[in-house]
Amino acid sequence: MVDSALANEAGARPEFIWRNGKLVPWPEAVVHVNAVGHASVPSVFEGIVAYWNTEHEQLYVFRLREHMQRLLDSLKIVRLGTGFSLDEMVQGVVDLLRANKTRQDTYIRPWAFVEGIVYELISPANAPTELVIDMWPFKSGLLTERGVRVGVSSWSRIDDNVLPPRAKAFSNYHNSRLAAIEATANGYDRTLLLNARGKLTEGPGSCVALVRQGTVITPSLSSGVLDSITRDTVLRLFPELLGIPVLDREVDRTELYVADELFYMGTGWEVLPILEVDRIQVGDGRMGPITRAIERAYHDAVRGVDERYREWLTPVWC
Ligand code: PMP
């Protein structure tokens, strides 16, 4: 997946990495070259963002418990487990952010993988796993007047009975990667994938929604998408804060062409306006008013500006 917000462009290394319940200095958090299990077939991961609130002098991790629950769900789907409880995993992220004295927007990547030297790529169910939590600086694009040009991919999105997108497994990103590389080669910024039945699914690292006649429409969770936490957040904020109805249902490719507004939604991509699809302009070619309103609402929720959504935030500093 090619995305600058998710890339550690500065090459910043935290002082510590969390590994199996211990805070380990970065240089010591190593694996043998043969231990391919750390990034191979059944490995699963999460992507979480912590936002710094300057006024509160506080770092808020957004929907941390939900992300860690999804990691446990991903492990369950791929028939692996971890010795760590949900509470311990949540605490692990807080401990790591504190150990690294984190006072800036940060991307957090917990991941679980089959431990040790792995020769058998089809590792058996319940093989022992390691759990690691890494982190690096994150560059938020919220409220920056951005927008991307997108092409629908010729690659189909993986299906639930092929490589289930519901599990956030590294292997799934082979499909995302092929689509992203094709988009770049064709001169687009990003891509959208259809499923094998030709219905809209999601982007390579983000869900998607469109606006038509004042209603927000997004592909349903059984179309072949990750059960996205940002999608869930946005679908809640629209009716609660903006009085805008939301629908989740099948979406055709051509509905993209007649949408009034279109945007990605994901932890890393946040709320990202799409200005053009297959070289067809979306709306008037600029960020639309509904996208702008949800971007502001999302920003205020994740950064702790809107008090009403405090239950979604885990403060790091006491
Ligand atoms: N779909 C895919 C394929 C993703 O990688 C992501 C990013 N995690 C999303 C959707 C958005 O999910 P979330 O909002 O939970 O980050």
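Odds and ends about this structure:
- Label reach from Glu15 (point 7 Å along Cα→C-beta): in segment 73-105, amide nitrogens under 20 Å belong to 91-105.
- Chain lengthening between Glu311 and Ile77 when straightened (0.36 nm per residue, less Cα-Cα): 81.5 nm
- The simple spin-label model puts a point 7 Å past each Cα toward its Cβ; for Ala196 and Ile122 those points are separated by 1.9 nm.
- Histogram of C-alpha separations across segment 100-235, 5 Å bin width, %: 2, 8, 14, 17, 19, 17, 13, 7, 3, 1, 0, 0
- Modelled label positions at Asn8 and Cys318, each set 7 Å beyond Cα in the direction of Cβ, lie 2.9 nm from each other.
- Relative packing of peptides 67-73, 193-199 - highest average C-beta neighbours within 10 Å first: 67-73, 193-199
- The chain: angle of helix 173-185 to the longest principal axis, Cα-based, in degrees nearest 10: 50
- Relative contact order for the chain, counting Cα pairs under 8 Å that sit 6 or more residues apart, in percent: 21
- For Ile274, distant residues with modelled amide H under 5 Å away: Val148, Leu262, Phe263, Tyr264
- Distant-in-sequence amide contacts of Leu192, defined by a placed amide H-H separation under 5 Å and a gap of 5 or more residues or a different chain, comprise Gly151, Val152, Ser153.
- In degrees, nearest ten, helix 289-302 long axis to first principal axis of the chain (Cα): 20
- Paramagnetic label reach from Ser220 (point 7 Å along Cα→Cβ; backbone nitrogen cut-off under 20 Å): within segment 159-199, residues 159-167, 193-199.
- Segment 1-111 - accessible surface per residue (Å², probe 1.4 Å): 47
- Sites Ser40 and Gln213 - FRET efficiency at Förster radius 51 Å, r taken between beta-carbons, to 0.05: 0.65
- Distance between the 7 Å Cα→Cβ label points at Val162 and His32: 3.6 nm.
- When each of Lys22/Lys139; Lys22/Lys101; Lys139/Lys168; Lys168/Lys199 is checked by Cα-Cα distance, pairs over 25 Å: Lys22/Lys139
The values are calculated or read from the model by the stated rules, or taken from the named source; none is laboratory data. The structure presented is a predicted model; accordingly, all values stated were derived computationally and were not measured. Reconstructed Cβ throughout: ideal geometry from the backbone, glycine too, with neighbour counts over all protein chains shown. Keep in mind that these areas ignore ligands, DNA and RNA; they rest on the heavy atoms of the full protein, side chains included. Shrake-Rupley method; radii C 1.70, N 1.55, O 1.52, S 1.80 Å.
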